[in-house]
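Have a look at the structure below before the remarks.
The values are calculated or read from the model by the stated rules, or taken from the named source; none is laboratory data. Source: prediction; values computed, not measured. Quick reminder, even Gly has a Cβ in these numbers, built from the backbone with ideal geometry, and neighbours come from all protein chains shown.
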Amino acid sequence: MKNGPSKRISAVNAILLTVVSLVSIAAIAIPPARAASALLPADQCDAEAGSEHDLQRNLAFRPVATEDIRIGIALSACREAYNQGSGPRQTFELARVLHAAGQRGQAMAMLEKAAEGSHAVAMVNYAVMLGERGDRAAEFALYQKAAATGNILAAYNLGVAYRDGIGTSASGALAAQWFERASVAKDNLGAFNLAVMLDEGTQIPEDNGKAAQFYKLAADRGNVDAMVNLGLMLESGEGMPANASAATAMFGRAAEKGDAFAQGKIAQPAIDTATTSSVELSEQASLAMPKTGRVK
């Protein structure tokens, strides 16, 4: 897909951090508190602060988005669960609540404890912070350890590490392998980043057909950039037969989600293909943006 019309191939470069930002580890003393609930503190903590990214969470309770954490109730329950010696899961959940409450230093300390207890999501988050402090080797090692448990975030971050050479030598083949593992686990970013690698063909062999397949997977999971890139491939016939109506529909899906480029595409009048033969080649080239302009 070297010369076709395009917008934006771009890999998502950020390592995912689902709980905390870079902060200094602080000493923490947690006073006892009792959750106002019929549940035991450990169960109440699970109910109030379980993460959807945590494959080790208590499935008796629905996951709670960070913005939906009821800080007062959750903090009381998770503090008491921690003081009663509950396991790494509740320690991780306490870290989530502390971070939501703005207590970032204490949150980082709890993440470190949960990571030491082999809690996968805690390891991923703690790895990110170690990397931000410059300890890339330790960051990479924790991604490997967490990915071995089957954690999706760890698989995605390990793909980024191999692609970009974070704490290890860059390897396109290994990056693609880990992005595909994340994709199989229904991660939209893993599918999108694998599509980009196949589309660009710089670290692994270019394969427009497979790129389109993984863009579609990511698009079906709600990834807007994948919708745009797939629309461009449908429009130009890269990796598949050109299909103007399907391209317009894909741009429409992205436009509904607020993508400005897609909104511009569906607002543009269709190109009159009957007259393009009369346009000079240099003028035809100006109708298409370079492939390198796509989203990563």
The correct count of residues that are on the phi > 0 side of the Ramachandran plot and either small (Gly, Ala, Ser) or buried (at least 24 other Cβ atoms within 10 Å of the Cβ) (or both) in the range 143-201 is 4
Looking at (1) over 21 Å from the mean Cα position of the chain (by Cα); (2) at pLDDT below 95; (3) farther than 17 Å from Ile15 by Cβ, which is the one condition that is false for Ser76?
(2)
In the range 41-64, how many are of a type in the set (Val, Ile, Thr) and more than 20 Å from the chain's Cα centre (by Cα)?
0
Condition test on Ala81, is it within 30 Å of Leu194 (Cβ to Cβ) and assigned to a helix (DSSP H, G or I)?
no
Checked His53, His99 against criteria (closer than 14 Å to Val121 by Cβ, at pLDDT below 95 and in a helix (DSSP H, G or I)); the one match is His99
Six or more apart or on different chains, Cβ under 8 Å: which pairs go from a residue in the range 199-214 that's touching a residue at least 40 places away in the same chain (Cβ under 8 Å) and closer than 11 Å to Asn229 by Cα to one that's among the acidic types (Asp, Glu) and part of a helix (DSSP H, G or I)? Could you list them?
Ala211/Asp199
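Yes or no, residue by residue, for (1) within 20 Å of Val196 (Cβ to Cβ); (2) touching a His at 6+ places or on another chain (Cβ under 6 Å); (3) at pLDDT 95 or above:
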{"position": "Ala138", "(1), (2), (3)": "no, no, yes"}
{"position": "Thr149", "(1), (2), (3)": "no, no, no"}
{"position": "Gly165", "(1), (2), (3)": "yes, no, yes"}
{"position": "Phe179", "(1), (2), (3)": "yes, no, yes"}
Lone unmet requirement of (1) charged (D, E, K, R); (2) part of a helix (DSSP H, G or I); (3) free of Cβ contacts under 8 Å to residues at least 24 places away in the same chain for Arg62
(2)
